[in-house]
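Take a look at the structure below.
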Amino acid sequence: MYGFDNIAAHNGWAMAVVGASIVFLGLVVLSFVISQIHKILNLWEKRDAPKQRPAEAPAATKDQSKAKSYQAPYLPSVDDLISIYRPLVEQLKEPFEIPQLFEISNKMDLPHPHLSIKQLWDAEVLIAQGDGTFTWNKQKGN
């Protein structure tokens, strides 16, 4: 087998394309390096020159008192939360799960239900039973 049949049988066309691609890529890289050599030479020539620092930028002139600062979302006090959430808890059968209370508070469109429920839990108005259910502390929640 000679000629083009032999080239095709041994993947010669693919090897020729890969070889030509490698040569072309090498030439592209070489041309890029040559086009940037003047910058490299300038750096090399100025390596002993002292470096000059840029001038300091002027301080910010924006009035700090007018800048908006982060404000935490307003949460009512624990007593206000108790008066809001007690009727909701009375609708649930005790012991209840937090997702049930959260769902009702979302339906009632109460602000920040996650934070409010967490605040009631921290104030020990909601008492964890240990199995994922909670009860309302009637002593603190009245």
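Throughout, read-outs are computed from the coordinates displayed, never taken from laboratory work. From a predicted model like this one, the values you see are computed outputs, not experimental measurements. Here the Cβ is made from the backbone with ideal geometry for all residues, glycine too, and neighbour counts use every protein chain on show.
Just give me a number: lysine pairs in the chain, eight or more positions apart or cross-chain, with C-alpha atoms less than 21 Å apart.
Qualifying lysine pairs in the chain: 8.
Using only Cα atoms, what Kirkwood radius does the stretch 78-136 have, in angstroms?
Details: mean 1/r = 0.0885 Å⁻¹.
Taking every pair of different Cα atoms in the stretch 78-136, averaging 1/r and inverting gives 11.3 Å.
Which of TRP44, TRP121 has the fewest other C-beta atoms within 10 Å, and how do the rest follow up to the most?
Numbers: TRP44 8, TRP121 14.
So the residues, fewest neighbours to most, are TRP44, TRP121.
Can you work out the Karplus-derived ³J(HN,Hα) for every residue in the stretch 98-103? Use 6.51 cos²θ - 1.76 cosθ + 1.60 with θ = phi - 60°, whole Hz, and x for glycine or proline.
4, x, 5, 5, 5, 5
If you wrap a convex hull around the Cα atoms of the chain, how much volume per residue is inside, in Å³?
Convex hull of Cα atoms, per residue: 445 Å³.
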